[in-house]
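J.: Please read through the structure below; I'll follow up with questions.
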Amino acid sequence: LVGFGRIVQYQSVVFALSALGLFCLLLYAQQGDRLLVWLAAACFAVAAWAHYDAMLALPAGLLLLGYRLWQDRAQWRQGLLPILGAGLFGLFLLALFYVPFARSPEASNAANYVGNRLGGEQTFFNQLASTFERTAVYNSIYFMGLIAFGLVMQTLFAWRRWHRIGIVLASAVLLLVAATLLKPEWWQSGDWVFAW
């Protein structure tokens, strides 16, 4: 958010609202306040109005929801109802923008543009090089290095509660990520790229 604050562009809105939505779900996972799920749905939907990149926060959000459902597994129906309600609310907010957009004559141009950015006709497409180029343009390299260091430390810290096996699994995940970033050609088979 700080990096994008120097330019007028949609990413600052996407980052701010996605992070706020994840923060709401983190608090919900810890405390169980159901209003937070509705706030998170609103944040994710409005972030998706700004750009489809907001959907990248959904896997982490779903993990947090799954964690809370696991905590409430004895009363899973009561835990599932606010999540379903908030999900429908988020879909309603998305529909306020995307239904008129989909009916617009410009929707096909936008779909072609997005399709080409996502790899066109290829089944799997490696976006890493272009992602790094855009990241270097929009953000300070020191800021990105600090974020990468923070992610590594948070991963190791979060997984250490499972003692040795947690550290081994976290290290394996971090090594896999590093290998994917540094050697994406290892993950290519013909036209298929499995670097993720």
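The values are calculated or read from the model by the stated rules, or taken from the named source; none is laboratory data. Please read all numbers here as calculations on a predicted model, not as lab measurements. For neighbour counting, all protein chains shown are included, and Cβ atoms are generated from backbone atoms with ideal geometry for every residue, glycine included. To get the accessible areas, we keep the full protein, side chains included, count just its heavy atoms, and leave off ligands, DNA and RNA. Shrake-Rupley method; radii C 1.70, N 1.55, O 1.52, S 1.80 Å.
J.: Within region 183-196, track down each residue that is on the phi < 0 side of the Ramachandran plot and either touching a Cys at 6+ places or on another chain (Cβ under 6 Å) or modelled with pLDDT under 80 (or both).
T.: Looking only at region 183-196, we keep the residues that are on the phi < 0 side of the Ramachandran plot, and these are 183-189, 191-196.
Across region 183-196, the qualifying residues are 184, 185, 187, 188, 189, 191, 192, 193, 194, 195, 196.
J.: Looking at region 19-46 only, could you name the residues that are under 24 Å from residue 114 (Cβ atoms) and either charged (D, E, K, R) or surrounded by 24 or more Cβ atoms within 10 Å (Cβ to Cβ) (or both)?
T.: 21, 41, 43, 44
J.: Kindly indicate whether any position in region 47-60 is open to solvent by 90 Å² or more (accessible area, probe 1.4 Å), touching a residue at least 24 places away in the same chain (Cβ under 8 Å) and not hydrophobic (A, V, I, L, M, F, W, C).
T.: Within region 47-60, not a single residue is open to solvent by 90 Å² or more (accessible area, probe 1.4 Å), touching a residue at least 24 places away in the same chain (Cβ under 8 Å) and not hydrophobic (A, V, I, L, M, F, W, C).
J.: When you look at residue 84, is it under 15 Å from the mean Cα position of the chain (by Cα), of a type in the set (A, V, I, L, M) and on the phi < 0 side of the Ramachandran plot, yes or no?
T.: Details: under 15 Å from the mean Cα position of the chain (by Cα): no; of a type in the set (A, V, I, L, M): yes; on the phi < 0 side of the Ramachandran plot: yes.
No; evaluated as a whole, the condition is false for this residue.
J.: A follow-up question, please. Within region 24-46, work out how many residues are free of Cβ contacts under 8 Å to residues at least 12 places away in the same chain and either in contact with a helix residue (DSSP H, G or I) (Cβ under 9 Å, 6 or more places away or on another chain) or hydroxyl-bearing (Ser, Thr, Tyr) (or both). Before the answer, list the steps.
T.: We begin by selecting, within region 24-46, every residue free of Cβ contacts under 8 Å to residues at least 12 places away in the same chain; these are 27, 30-31, 33, 35.
Filter once more, keeping what is either in contact with a helix residue (DSSP H, G or I) (Cβ under 9 Å, 6 or more places away or on another chain) or hydroxyl-bearing (Ser, Thr, Tyr) (or both): 27, 30, 33, 35.
Total satisfying the criteria: 4.
J.: Identify, from the list 71, 122, the residue that is more than 21 Å from residue 13 (Cβ to Cβ) and either touching a Cys at 6+ places or on another chain (Cβ under 6 Å) or modelled with pLDDT under 85 (or both).
T.: Working: 71 fails: either touching a Cys at 6+ places or on another chain (Cβ under 6 Å) or modelled with pLDDT under 85 (or both).
When all the criteria are applied, what remains is 122.
J.: Step by step: first the residues of region 88-111, then only those that are farther than 19 Å from residue 55 by Cβ and open to solvent by 100 Å² or more (accessible area, probe 1.4 Å), then the one that is modelled with the highest pLDDT. Which residue is that?
T.: 103
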